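Engineer: Handing you this structure, nothing more for now.
The values are calculated or read from the model by the stated rules, or taken from the named source; none is laboratory data. Keep in mind the model is a prediction, meaning the values are calculated, not measured. Heads up, the Cβs are rebuilt from the backbone with ideal geometry, glycines too, and the neighbour counts pull from every protein chain shown.
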Amino acid sequence: MTIATHMTAVQLVGHGGLEQLQINNAVPVPTAKPGEVLIKVGAAGINNTDINTRIGWYSKQVTTDTATGGQGGFQSLDEEDASWSGIPLQLPRIQGADVCGKIVAVGDGVDASRIGERVLVRALQEDPTREQAFYCITYGSECDGGFAEYAIALNKHTYAVNCDWSDAELASIPCAYSTAENMLHRAHLKDGETVLITGASGGVGSAAVQLAKRRGARVIALCSAGKAGAVAELGADLVLDRAADIVKQLGRDSVDMVIDLVAGPAWAPLLDVLKRGGRYSTAGAIAGPIVELDVRTLYLKDLTLRGSTYQEEVVFSNLIGYIDRGEIQPVVSATYPLTDIHQAQEDFLAKGFVGKLVLIP
């Protein structure tokens, strides 16, 4: 395969509105260094992390929901802590944590037989500058990612896939499904337990529904009424409107685990429906990061509250196995040309879909 010298890429040039995403048709194609591979990108999925990083939502000065600044950004934020890692973003940055493509070149120390492999890139990776656990980077945040025609990745984080899915379907997996799998893995969801999943129609939520059912759990899903049918088709045993009074509908002390991507004003009842000794896990706060916690509920019910970002390697390798064995299914709502990223992010923010939106270079 002939490798171009320059490529089209979307570069994030600053924190703010959609205008901070600029199409550049003359970005030099990167060269694979030792231990790296060069990937011809076939598709790249869109995630909340992309938008949150663009608008600087991770800054502690921002206390509202993610949609508030989704298109125009926030007027006041501290750029020193506006990235998810709390370290200033190096700009310009090519975002895109979800990458499916083919290896077209390898750096020194990488077996040349990998050229031609169809691959997915691990989205959450150990921080190469630290040896301690829980320090990690996101592909497309602390390094360039997949919103381009070519992308560089470390060989050890690049996994061959063998299935008949399209590139767009495969690109729906890395970030959302690894986030969901990690939450269930670290909270030890067991066969026969009941799990409540908020934001169940989104990328992570729809993945969590499938992955929880794969473990034999009873799944209760929260989403908007118009998406209930699609979420039920993914395997949810019961789908409730996201505005429902869950204590009235389910009863107190009725679920073993909560998987939460929403937080915000409706957060407190999630702990009320947890059984004594129940587990709560979160990897998002799209309705707002500030919640009210009655500490008495926490300690009197012996609850465990867990944040979930860092992922052990086994989480992503397990996902590859699920794909190869046909144990999960992709949920792609729409695809867009890479150069239509502004429209794609506007549609993402409107939340009128189930699953994932994917860009095609």
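Engineer: Do we have Gln22 as assigned to a loop (DSSP other than H, G, I, E, B) and assigned by TED's automatic domain parsing to the domain that holds Ile115 here?
Structural biologist: Numbers: assigned to a loop (DSSP other than H, G, I, E, B): no; assigned by TED's automatic domain parsing to the domain that holds Ile115: yes.
Taking the combined requirement at face value, the residue does not satisfy it.
Engineer: Examine the stretch 301-308 for a residue that is under 21 Å from the mean Cα position of the chain (by Cα) and assigned to a helix (DSSP H, G or I), and state whether such a residue exists.
Structural biologist: Initial filter on the stretch 301-308 (under 21 Å from the mean Cα position of the chain (by Cα)): 305-308.
Still in the running and assigned to a helix (DSSP H, G or I): none.
No, because not a single residue in the stretch 301-308 is under 21 Å from the mean Cα position of the chain (by Cα) and assigned to a helix (DSSP H, G or I).
Engineer: Here's something else I'd like to know. Could you check the stretch 322-361 and list, in sequence order, the residues that are on the phi > 0 side of the Ramachandran plot and buried (at least 19 other Cβ atoms within 10 Å of the Cβ)?
Structural biologist: Correct list: Gly355 only.
Engineer: Still on this structure, I have one more. Output yes when any residue across the stretch 120-129 is more than 21 Å from Ile51 (Cα to Cα) and modelled with pLDDT of 95 or more, and no when none is.
Structural biologist: So in the stretch 120-129, the residues more than 21 Å from Ile51 (Cα to Cα) come out as 120, 126-129.
Narrowing further to those that are modelled with pLDDT of 95 or more: 120.
Yes, that holds for at least one residue.
Engineer: Taking the stretch 277-300 as the region of interest, how many residues are in a loop (DSSP other than H, G, I, E, B) and surrounded by fewer than 17 Cβ atoms within 10 Å (Cβ to Cβ)?
Structural biologist: Within the stretch 277-300, the first condition is being in a loop (DSSP other than H, G, I, E, B), and the residues that meet it are 283-294.
Checking the rest, the ones that are also surrounded by fewer than 17 Cβ atoms within 10 Å (Cβ to Cβ) come to 290, 292-294.
Going through the stretch 277-300 one residue at a time, the tally reaches 4.
Engineer: Restricting attention to the stretch 313-344, which residues are among the charged types (D, E, K, R), in contact (Cβ under 8 Å) with a residue 60 or more places away in the chain and not in a helix (DSSP H, G or I)?
Structural biologist: Glu327
Engineer: So, in the stretch 142-199, of the ones that are buried (at least 24 other Cβ atoms within 10 Å of the Cβ) and among the aromatic types (Phe, Trp, Tyr), which residue ends up nearest to Thr53 (Cα to Cα)?
Structural biologist: Phe147
Engineer: Another question, if that's okay. Evaluate the following for Ala44: is it modelled with pLDDT of 95 or more, over 22 Å from Cys175 (Cα atoms), in contact with a Gly (Cβ under 6 Å, 6 or more places away or on another chain) and hydrophobic (A, V, I, L, M, F, W, C)? Explain how you work it out, then say what you get.
Structural biologist: Details: modelled with pLDDT of 95 or more: yes; over 22 Å from Cys175 (Cα atoms): no; in contact with a Gly (Cβ under 6 Å, 6 or more places away or on another chain): yes; hydrophobic (A, V, I, L, M, F, W, C): yes.
No: the conditions fail for Ala44.
Engineer: So which residues in the stretch 115-169 are of a type in the set (Val, Ile, Thr) and under 23 Å from Ser206 (Cα atoms), if there are any at all? Write out each step before concluding.
Structural biologist: Let us first name the residues in the stretch 115-169 that are of a type in the set (Val, Ile, Thr), namely 115, 119, 121, 129, 137-138, 152, 158, 161.
Residues satisfying the conditions are Val119, Val121, Thr138, Val161.
Table: residues versus (1) under 20 Å from Glu313 (Cα atoms); (2) modelled with pLDDT of 95 or more.
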position	(1), (2)
Ala82	no, no
Ala97	yes, yes
Ala105	no, yes
Ile115	no, yes
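Engineer: Further, regarding this structure: Going by what's in this entry, would Thr49 be described as polar (S, T, N, Q), in contact with a Phe, Trp or Tyr (Cβ under 7 Å, 6 or more places away or on another chain) and in the same structural domain as Gly107 (by TED's automatic domain parsing)?
Structural biologist: yes
Engineer: When you go through (1) outside any strand (DSSP E or B); (2) under 26 Å from Tyr159 (Cβ atoms); (3) in contact with a helix residue (DSSP H, G or I) (Cβ under 7 Å, 6 or more places away or on another chain) one by one for Met1, which number turns out not to apply?
Structural biologist: (3) is the only condition that Met1 fails.
Engineer: Test Val41 against the criterion of being closer than 17 Å to Cys143 by Cβ and either in the same structural domain as Ala168 (by TED's automatic domain parsing) or surrounded by 15 or more Cβ atoms within 10 Å (Cβ to Cβ) (or both), and give yes or no. Don't jump to the end; show me each part of the working.
Structural biologist: Details: closer than 17 Å to Cys143 by Cβ: yes; either in the same structural domain as Ala168 (by TED's automatic domain parsing) or surrounded by 15 or more Cβ atoms within 10 Å (Cβ to Cβ) (or both): yes.
For Val41, the condition - closer than 17 Å to Cys143 by Cβ and either in the same structural domain as Ala168 (by TED's automatic domain parsing) or surrounded by 15 or more Cβ atoms within 10 Å (Cβ to Cβ) (or both) - is met.
Engineer: Among the residues of the stretch 53-80, which ones are at pLDDT below 85 and surrounded by fewer than 17 Cβ atoms within 10 Å (Cβ to Cβ)?
Structural biologist: Within the stretch 53-80, Gln75, Ser76, Asp78, Glu79, Glu80 meet the criteria.
Engineer: Considering each of Leu274, Leu319 in turn, give the residue that is at pLDDT 95 or above, out of contact with any strand residue (DSSP E or B) (no Cβ under 7 Å at 6 or more places or on another chain) and surrounded by 17 or more Cβ atoms within 10 Å (Cβ to Cβ).
Structural biologist: On the way: Leu274 fails: out of contact with any strand residue (DSSP E or B) (no Cβ under 7 Å at 6 or more places or on another chain).
Answer to the selection: Leu319.
Engineer: Just the residues that are outside any loop (DSSP other than H, G, I, E, B) and not small (Gly, Ala, Ser), please, taken from the stretch 138-152. First the steps, then the outcome.
Structural biologist: First pass over the stretch 138-152, keeping only residues outside any loop (DSSP other than H, G, I, E, B): 138-139, 143, 148, 150-152.
Correct list: Thr138, Tyr139, Cys143, Tyr150, Ile152.
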